[in-house]
């Protein structure tokens with residue numbers, strides 16, 4: 001399910017992001033990167049969700065622009081809790097409060113947009129909307 005650049009153009013025009021979106025050198029690549037991210041972290045989706053589903057179009061468009069500004073690394077790093085730096089015989093230690101409680105969701109708006117169209121899973125059981 002990949003949206004089109006035209007769909008993304010409309011989303012960004014509505015939100016006043018046209019200048020930033022038009023500056024993206026390859027909209028198709030940005031959309032594909034966003035689609036890959038969404039498929040990796042938010043799929044599966046309910047039956048009937050497709051590339052015209054409003055929430056998916058909005059989420060993909062917004063994420064496409066965001067990922068061009070701040071690409072996600074392919075490797076993960078642990079949150080830093082404390083660090084000690086030594087120089088010329090003295091040391092400075094910095095401790096970051098609540099580093100172990102850092103939010104693991106870098107895109108809470110995308111999560112909220114896609115939540116109603118996702119298949120919910122609990123203990124291996126998937127719950128979705130039944131269709132006839």
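At-a-glance table
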{"item": "Lone qualifier among 66, 28 - being under 17 Å from residue 113 (Cβ atoms), free of Cβ contacts under 8 Å to residues at least 60 places away in the same chain and out of contact with any strand residue (DSSP E or B) (no Cβ under 7 Å at 6 or more places or on another chain)", "result": "66"}
{"item": "Some residue of the range 82-104 being touching a helix residue (DSSP H, G or I) at 6+ places or on another chain (Cβ under 6 Å) and modelled with pLDDT of 65 or more", "result": "no"}
{"item": "Residues being part of a loop (DSSP other than H, G, I, E, B) and within 25 Å of residue 44 (Cα to Cα) - total across the range 1-27", "result": "4"}
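Each row is one residue, and each column tells you yes or no for (1) touching a helix residue (DSSP H, G or I) at 6+ places or on another chain (Cβ under 9 Å); (2) modelled with pLDDT of 95 or more; (3) at positive phi.
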{"site": "31", "(1), (2), (3)": "yes, yes, no"}
{"site": "41", "(1), (2), (3)": "yes, no, no"}
{"site": "44", "(1), (2), (3)": "no, yes, no"}
{"site": "51", "(1), (2), (3)": "yes, yes, no"}
{"site": "54", "(1), (2), (3)": "no, yes, no"}
{"site": "58", "(1), (2), (3)": "yes, yes, no"}
{"site": "61", "(1), (2), (3)": "yes, yes, no"}
{"site": "67", "(1), (2), (3)": "yes, yes, no"}
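The values are calculated or read from the model by the stated rules, or taken from the named source; none is laboratory data. Keep in mind the model is a prediction, meaning the values are calculated, not measured. Methodologically, a virtual Cβ is constructed for each residue, glycine included, from the backbone with ideal geometry; neighbour enumeration extends over all protein chains shown.
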